[in-house]
1. Lysines near B:LYS4 by alpha-carbon distance under 26 Å, same-chain residues fewer than 8 away left out - which ones?
2. Hey, how many Å between the Cα centroid of segment B:380-453 and the Cα centroid of segment B:150-218?
3. Across the residues of B:49-56, average count of Cβ atoms on other protein chains within 10 Å?
4. A:GLU138's amide H: which non-local residues (gap 5+, or another chain) put their own amide H closer than 5 Å, with H modeled 1.01 Å from N in plane and none for Pro or chain starts?
5. From the Cα gyration tensor of segment B:141-429, with a ≥ b ≥ c the square roots of its eigenvalues, which class applies: rounded if a/c is under 1.5, or else prolate if a/b is larger than b/c, or else oblate?
6. Using 7 Å Cα-to-Cβ label points, what is the A:ASP44/B:HIS10 separation (nm, one decimal)?
7. Could you derive backbone 3J(HN,Hα) for segment B:58-72 from the dihedral phi with the Karplus parameters 6.51, -1.76 and 1.60 (θ = phi - 60°), listing whole Hz in sequence and x where the residue is Gly or Pro?
8. Run the reach check for A:LYS64 against aspartates and glutamates, Cα to Cα strictly under 12 Å, same-chain hits fewer than 8 apart removed. What comes back?
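Nothing in this text is a laboratory measurement; each read-out follows from the coordinates by a stated rule. Just so we're clear, the structure is a prediction, and the values are computed from it rather than from any experiment. Cβ sites come from the backbone with ideal geometry, for glycine too, and all protein chains shown count toward neighbours.
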Amino acid sequence: MIIDDPWHELKAFTAARIALGRTGSAMPLQEVLRFKLAHAHARDAVYSSLDIDALGEVNLLHSKAADRAEYLQRPDKGRQLNENSRLSLTPVNADLAIILVDGLSATAINHHAIPVLDYLYPMLQAKKISLAPVQLVEQGRVAIGDEIGELLKVKLILVLIGERPGLTSPDSLGAYLTWQPRSGLTDEARNCISNIRPEGLPYKLAAEKMYYLIHEALRLQLTGVMLKDNYNLRIS
Amino acid sequence: MAYKTTIQQHTYSFSDLKTLLAKASPYRSGDALAGLAADTYEERVAAQMALADVPLKTFLQEAVIPYETDEITRLIIDTHDATAFAPISHFTVGDFRDWLLSDYADLTVSKGLTPEMVAAVSKLMRNQDLISVAKKIEVITRFRNTIGLKGRLSVRLQPNHNTDDPKGIAAAMMDGLLYGSGDAVIGINPATDSPAAVTGLLTLIDQLRQQFDIPTQSCVLCHVTTALQIMGKAPVDLVFQSIGGTEKTNSSFGIQLSLLKEAYEAALSLQRGTIGNNVMYFETGQGSSLSANAHEGVDQQTCEARAYGVARHFNPLLVNTVVGFIGPEYLFDGKQIIRAALEDHFCGKLLGLPMGVDVCYTNHANADQDDMDNLLTLLGVAGCNFIMGVPGADDIMLNYQSTSFHDALYIRQVLGLKPAPEFEQWLMKYGLMDDNGRSLPVTSSHLLLKNYL
């Protein structure tokens, strides 16, 4: 019944779904189900929750978006802390605050935050970079880190956040570094490392890139378009 | 001027035309996010009732964005054709809706219409109205083939690759051609918008096209300034650009009308089209103005129609509304995506544009393949000029889901639609399609595969 496509060899050159075959004009059921499963993983990731107990000692915060439905429709609310969370933050004397945010995939934080930080912490300690308590945010977007960093009065924030799930990457983690965080900053003020997961940018390399950018940000006292990610140049 | 309706002793007042248009819009998350949506179901219908009574002439007197501050408003007003408008100049928006659906509407009226008139009437129309009027309009364009004829549906072959790997792109391109896709354009969204990278990709497609004498055109969807830079050195068939419906939106895209004009004239002078001179490819999508913080208090569907007001000025080969790409804060679910796509297709066609639709969604939108099947089928019925063809519906570069090569076969088959005639002949010549439009099985010795396996 299935008409096979005799160009399977071309799959070696791309992850795109080619040479799927067909029955009539339709995709074979096996491919339809494979696609559905990938989409199910992505949808489940969007609606996943932070595994708070497994994420170590953290200060739990919440945005103004009450739930996922509101979060998805009101990006502005995901960028602001709710009142209780605001009141829970007081200034600390530290160089860096690490902020974990669920974003569009809490699964990404649950899977990858601790393994990446396990590589990053020793490098920070060796350089005596001081850390604020780790903050964990529910229903947050990247820019919520700015308000948190401003209230903590830290020099620098590192936001780890679940990225928008793709069909082949439901748990991709993003990292955003911002110097002198304050409300109202936009993306050009940050440096971003994307696609952190074992099948994408592996933990150790991701942590080394983060450390390189943190070190450079503290040295140059800036982040954003003026801070170039020359880590790859340095190691090549 | 305020617009008013009274419903059971309650008088609704809408302070100006843009407020009235926004409140009359069928609900979507983007207008709510912008704070422009009607507060209640009743207020929305009240606004639609008030809008139905507004004379079309009012749209020539009251601009939704001031003439002085927005070059798109100036373009709309300065190029309005009063002669074409004359036969319908006595209509209200409501009359206009009834006339469009009647058996004696003259749908060549487009030059007499402003985008705001068209947006307004669409807000009073149900989905079936949007389909039935759009179906009556045929917009035909040509470069190396003929797109938009009745009974035809073309496909943009979209062989994207996350690192622009030439072999990866060629593999997806081969897959699409063997499935009968690629007559609208073979168009790549590049991962890197650099002159060298774009030139390399254009050369890749052009060599394939010439090797097999494929009657189609190519495009790498880079910024218009990149295309201008490489013209003459690279085989540029079509000039691509994303456009929006306010001057500020276009500024955020790094363009002005003068830049589009420069690119249009430069592309025309290359004379690469063999049977026609439609050289532009535009992409649009509701929500882009809000996303760029440049909506000026105008609802997202009216902004979108104004983008078509820009597009029609440059006689494009293809205009594609990438409707579900922008995300749920603008179009929340399948219902909103479907409605927006039908509005865009209708508005574009009524303004004289060769409309295609990227039937698509992201993973954080409340939509799935079933919603896309519904939308694809509705658009096929409505006479949409072209759709996208992405391997297995999964774009590995842009990380969203569009229509697959299989989907294109499906819609052609259930509705009896055929590819562009020149491309149809090519598919038959290469043994990929029979006289009845059915796909033929391909063997590993097929000519197209010879250099690739």
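1. Reachable lysines: B:LYS18, B:LYS23, B:LYS57, B:LYS123.
2. Answer, in whole Å: 13.
3. Numbers: counts 0, 0, 0, 0, 0, 0, 0, 0.
Mean shielding by partner chains, rounded to a whole number: 0.
4. Distant-sequence amide H within range of A:GLU138: A:LEU61, A:HIS62, A:SER63.
5. Numbers: a/c = 1.38, a/b = 1.09, b/c = 1.27.
In terms of gyration-tensor shape, rounded.
6. In this crude label model, A:ASP44 to B:HIS10 measures out at 4.5 nm.
7. For segment B:58-72, the Karplus curve yields 4, 5, 8, 9, 10, 7, 6, 10, x, 4, 6, 10, 9, 6, 6 Hz.
8. Correct list for A:LYS64: A:ASP76, A:GLU83, A:GLU138.
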